[in-house]
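What follows is a set of notes on a single structure, which appears directly below.
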Amino acid sequence: MDSRRVIVALDFPDAAAALAMAARLDPALCRVKVGKELFVAAGPAVVESLHARGFEVFLDLKFHDIPNTVAGAVRAAARLGVWMVNVHASGGSAMMRAAREAAAGFARPPLVIAVTVLTSLADADLAEIGFPGGAAENVSRLAGLARASGLDGIVCSAEEAAMVRGALGPAFVTVTPGIRLPGDAKGDQSRVVTPQDAVRQGAHYLVIGRPVTQSADPAATLHAIARSLAGERTPS
Ligand code: C5P
C-alpha cells in the first residue's frame, strides 16, 4: 500500500510561500500538487525546488488542446520529472492517447490522469455547453473513455470513486479532492468527505489543501491524517 496517499495542494501565489509550506511538510508522508496559479507565477523552477526537497509532484495544469500540443506539454512535464500530470477528458480520445504515448517514452513516466467534469459545472451548465445527461452520466462516460484511451486514472469525488472502481476496476487510479477533516469548515467545497471515508469509498489518492496548509500546525495535521489512513485499505 502506498504510504503517501495524501497530495497537499500548494495553492500559493509565489514560490517563496509554497516552499515555506513545503519546508513544514514531510515528503515521506505526502506528495504535493502544483496548480495553475503557482506554476504561472513561479514556473518549472518551483517544481525543481520541490523535487530537490524530496517531494513527488502532481502537476495539475489540466491540459486541453489539440493532440500534438498536449503531447508536447506532457513531454515537457515528464522531462521535469513530475510524478503525475493531468488532461481534460473532453479533449477527446486522440488527445488522451497522444498524452499517454508522450509519457510512455520516458524511463520513469508520469501517471497521466483525466479531469472528467469540473465540479463547478451544474447539470444546467453542462446542458448549456452541449453535454446533456447530467454530471454523473458525463463523469461515467468520460472516465470510460479515459481508460479506453490508456490513461492511468481520473480526478473525481469520493462518491464517484466508488462508482468508477465498480465500473473500471481497482487498478484505475482515482484522485479525490473535496476532503475535510472532522470539524473543519467546508470553505468553497460543496460536497466533502473525511480522508478515511474517501479511502473506504475507493480513492487511491486524496488532494488536501486548506485543511493542512491553513491549519495551525500543518506538520501535525498531516501526521494525524497519515496515521488515520495507515490502517485503511482501499476496497478491492
Ligand atoms: O483547499 P482544498 O482542500 O479545497 O483544495 C483542493 C484542491 O483540489 C485545490 O487545489 C483545487 O483546485 C483542487 N480541486 C478541487 N476540486 C476539483 C478539482 C480540483 O477542489 N474538482
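The values are calculated or read from the model by the stated rules, or taken from the named source; none is laboratory data. These numbers come from a predicted model, not from an experiment. FYI the Cβ positions are ideal-geometry reconstructions off the backbone, even for glycines, and counts take in every protein chain you see. Quick note on the areas: whole protein, heavy atoms, side chains included, nothing else; ligands and nucleic acids left out. Shrake-Rupley method; radii C 1.70, N 1.55, O 1.52, S 1.80 Å.
Do we have A99 as open to solvent by less than 40 Å² (accessible area, probe 1.4 Å), assigned to a helix (DSSP H, G or I) and either over 18 Å from T69 (Cβ atoms) or touching a helix residue (DSSP H, G or I) at 6+ places or on another chain (Cβ under 7 Å) (or both) here? Yes, satisfied.
When we screen R100, R31 for residues that are of a type in the set (K, R) and under 30 Å from R227 (Cα atoms), the only hit is R31. Take L38 and decide whether it is modelled with pLDDT of 95 or more, open to solvent by less than 10 Å² (accessible area, probe 1.4 Å) and touching a Leu at 6+ places or on another chain (Cβ under 8 Å). The answer is yes for L38.
When segment 4-26 is limited to residues that are touching a residue at least 40 places away in the same chain (Cβ under 8 Å) and of a type in the set (D, E), the one that is farthest from the ligand (Cβ to nearest atom) turns out to be D26. Does D184 fit the bill of being touching a residue at least 24 places away in the same chain (Cβ under 8 Å), more than 16 Å from the chain's Cα centre (by Cα) and not in a helix (DSSP H, G or I)? In short, yes. Quick check: anything in segment 188-205 closer than 12 Å to A9 by Cβ and modelled with pLDDT under 95? Checking segment 188-205: at least one residue is closer than 12 Å to A9 by Cβ and modelled with pLDDT under 95. Evaluate the following for F39: is it closer than 29 Å to L181 by Cα and in contact (Cβ under 8 Å) with a residue 24 or more places away in the chain? In short, no. Among the residues of segment 160-218, those identified as closer than 26 Å to M21 by Cβ, β-branched (V, I, T) and more than 10 Å from the ligand (Cβ to nearest atom) are V173, T174, V193, T194, V199.
For V139, the test of being out of contact with any strand residue (DSSP E or B) (no Cβ under 7 Å at 6 or more places or on another chain), within 12 Å of the ligand (Cβ to nearest atom) and in contact (Cβ under 8 Å) with a residue 12 or more places away in the chain is passed.
What is the residue count in segment 1-23 for residues that are surrounded by 21 or more Cβ atoms within 10 Å (Cβ to Cβ), within 17 Å of A224 (Cβ to Cβ) and not β-branched (V, I, T)? Counting residues in segment 1-23 that are surrounded by 21 or more Cβ atoms within 10 Å (Cβ to Cβ), within 17 Å of A224 (Cβ to Cβ) and not β-branched (V, I, T) gives 1.
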